[in-house]
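The values are calculated or read from the model by the stated rules, or taken from the named source; none is laboratory data. Keep in mind the model is a prediction, meaning the values are calculated, not measured. Please note: Cβ atoms are built from the backbone with ideal geometry, for glycine as well, and neighbour counts cover all protein chains shown.
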Amino acid sequence: MRRKGVSNAMATGLLIAGILIGVTGYYLAAAYQPSTATRTDTTTARFTTTVRTIRLTTITQSTTQTQTTTQPTTFTQRQTTTHTTTQPTTFTQTDTTTRTHIATQTTTTTQSTTQTQTTTQPTTITQSTTQTQTTTQPTTITQSTTTTITTDVSFNFNRINAVGSYGSLMSPLGLLTDYPGSHTIWLADDQGLDYSALLSLYYSTANSTALSLAKQLNSSIAPWGGFCKYWNPALEVIGCYPVDTQVMCGTNQEINVTQGYTVDATVFNSCPGFQYWLFADLLAYHVLLDTHFGNYTGAETEFNELSGMWDGHGFSDQVFQTDSNHTYQSYKLADYVIAWKALADNSATRQFALGYNTTVQNVAAAMSELQSSAGGVWTGYRISNGQMSYGSGISLTNGETTSLFIFAWNG
């Protein structure tokens, strides 16, 4: 019974041992199988990484060989000079293999772009365009300036207001007085200048009042012998010229007194010793006279002398210099512009005239200040501390001065 019990015990033990061995074998098998899988995954992963590394390296080597053998040197120089700030940041954030690849690609791309820009910028097309513009512009500017100079002088002047100023001069005789409220009428040179100025205003503005005043003046002058009976150098402005260029001087004469108005005229006669060149207005009228008779050398000489009287504010002739108040006479500004335009419009003296364009523009700037709010032009002005002053405390407005301004502006 004890052997049987032993045998049974041994059998049972062996059975248990077999079971344990089987269980152990099963677990060992299970434990061995994941380990193998893990190694396989790791190997595969490493193999994949190795393959990617080889591909990257291959691309890099291929790019380097295709460009030049000096690329490493070029890359080093550009890395130090141009990419010092940018590249270190990129290297720090990526792994070694990838850095090499990116750096190489960046170098390749940058160099390609640089070469393209360098080739494009210094093109012949850009240089050709610049040269063409440089050659064309001076010619265009010169032609435009010449045309403007010979046709117009610009200054501020209200023509409609000017028409009203002539209305304030009309007298019961149908002739215009010297200034508003005056009872003196000058046959020469006021009536002829005023008539022509009114016609000019009508043609430029279509103002019916200007035409009506001109017609009335034209009909009223007939009993007095017409506009040019009492010749005056100022009448050259409207085309009334003497028969020759002899020097003349004038004296004021009373022609008549009627209806409370004194009718006067300045009568000119031969005066060989008269020094007309001391007076800006008479110099200007001699420019017109010599130009009219074809004495262009004389006209240019006289205009040059006239220009020498311009002191930056007005014409400092004998009248100005002997005036204790140093009042500039406004109508001499207009006379200068009128004489200059006669030279500029003549082909024989045009180039000479163009040399005085700056002075003409400065004179015109002074003229811009002298029209009163009533439309007439102040006959005189003064300069104090560089400032122009004018008005009723210095001078009056009159028809002669206003008319000459119209011829300078519109003639």
Which condition breaks for M388 when tested against (1) within 16 Å of M309 (Cβ to Cβ); (2) in a strand (DSSP E or B)? (1)
Note: among G174, G164, just one is surrounded by fewer than 22 Cβ atoms within 10 Å (Cβ to Cβ) and not in a helix (DSSP H, G or I), namely G174
Quick test for you: out of S395, S403, pick the one residue that is surrounded by 21 or more Cβ atoms within 10 Å (Cβ to Cβ), more than 32 Å from the chain's Cα centre (by Cα) and not in a loop (DSSP other than H, G, I, E, B). S403
Selected residue (only one of L396, L370 is in the same structural domain as F293 (by TED's automatic domain parsing) and in contact with a strand residue (DSSP E or B) (Cβ under 7 Å, 6 or more places away or on another chain)): L370
Could you please give the count of residues in the stretch 358-374 that are of a type in the set (G, A, S) and surrounded by fewer than 14 Cβ atoms within 10 Å (Cβ to Cβ)? 4
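Matching residues to (1) outside any loop (DSSP other than H, G, I, E, B); (2) surrounded by 13 or more Cβ atoms within 10 Å (Cβ to Cβ); (3) more than 47 Å from the chain's Cα centre (by Cα):
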residue	(1), (2), (3)
A214	yes, yes, no
F227	no, yes, no
A234	yes, yes, no
T245	no, yes, no
G250	yes, yes, yes
I255	yes, yes, yes
Could you please find all residues in the stretch 157-186 being under 19 Å from Q371 (Cβ atoms), in contact with a strand residue (DSSP E or B) (Cβ under 7 Å, 6 or more places away or on another chain) and hydrophobic (A, V, I, L, M, F, W, C)? F157, L169, L176
